[in-house]
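Taken together, the values in this text are just the output of simple stated rules run on the coordinates, not laboratory data. All of these numbers come straight from a predicted model, not from anything done at the bench. Using ideal geometry, Cβ is built from the backbone for each residue, glycine included, and neighbour counts are taken over all protein chains shown.
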Amino acid sequence: MSRFRYPQPPPSEITPEHVYLSRRDWLKAVGLAVGTAALAACAPRALKPASTAPAEPVPHDELGDPATPYDIVTSYNNYYEFSTDKRAVADRAQGFPTDPWTIEITGLVHEPLTLGLEDLLKRFPQEERIYRLRCVEGWSAVIPWQGVPLATLLKAAQPKAEARFVRFVAVYDPEHMPGQRNYQTFPWPYTEGLRLDEAMHDLTFMATGLYGKPLPVQNGAPLRLVVPWKYGFKSIKAVVRIELVAEQPATLWNTVAPNEYGFYANVNPQVDHPRWSQATERRLGEPGRRPTLMFNGYEEQVAALYAGMDLEKHY
Ligand SMILES: Nc1nc2c(c(=O)[nH]1)N[C@H]1C(S)=C(S)[C@@H](COP(=O)(O)O)O[C@H]1N2
Ligand SMILES: [Mo]
């Protein structure tokens, strides 16, 4: 049992019937996305400045599903440092200082790195990835990110042979983050972790932007992890430290509710959350529910990482 009394998602977030945008609103929002972003559904390519780019079709993921409209992706957010109310996060996050920002890559590495965000953007070329994001609460989105593969950053720091896990630490700034002033709820700062081979996987990404624009604060500015085959809580926002370690690190959600949120947190429709089914999900901006896919649809790419593992035990 943990000593943290954390707020739980309200039943309205889990309920299948809850659809908050009508089809018409959705089409309107998609129209807006076409005008403001120029992204194709294909693999990484150079970004064009929005002003000179011709209007392109709405980006789709590789399964053919359209990207969730920008307005939804940036107004329905989990970010407990600001609020536990998903629709209040964006407002509360306005004005959060993200410049200057320093990110450290440290621990069991030969070349510890301390990079300003500007240095990072200059030194590492930005790629585009269109990924599904599946929250453990049963909602999902398709998001066109820009950023850098985590492996690129880790290789620059040269992990030592003893490094077996990666620990991520988010910013601690109670002055600007109201949620961090309540010490009874969460062991701030937000922390996460991956096995080193998961961290080095090509899908694992550090995002610096979405829809061709710099990352909004509510989505984790200026730099956040994106691990598309795991539940959204693994994709830690506002990262300031990446630490290579020998032992499996403690993580925020696994610390507050170990029976509900495991270290692995791979999306798995066959392993239910103790309080709700994980078999289906609600795609933001779309009516109804759809089946949840094994490893969030990335099974072909990542299943080998877990060969021989009991996925019910290592949830
Ligand atoms: N620092 C921090 N990172 C976080 C969270 C958070 O509360 N704090 N919430 C997580 C959860 S539960 C989800 S579903 C995703 C949501 O990302 P999005 O708001 O960009 O869609 O962020 C994750 N990263
Ligand atoms: Mo989540």
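Things worth noting here:
- Electrostatic dipole magnitude of region 92-162 [Cβ: Lys, Arg +1; Asp, Glu -1; Cα centre; debye, to 20]: 240 debye
- When H110, H176 are sorted by how many other C-beta atoms sit within 10 angstrom of their C-beta, beginning with the fewest, the order is H110, H176.
- For G285, residues with placed amide H under 5 Å, excluding near neighbours: Y20, L21
- Per-residue ³J(HN,Hα) for region 184-199, Karplus 6.51 cos²θ - 1.76 cosθ + 1.60, θ = phi - 60°, Hz, x for Gly and Pro: 7, 8, 9, x, 5, x, 4, 10, 9, x, 9, 5, 4, 5, 5, 5
- Legend: distances between Cα atoms for K213/K237; K86/K160; K234/K313; pairs beyond 28 Å are K86/K160.
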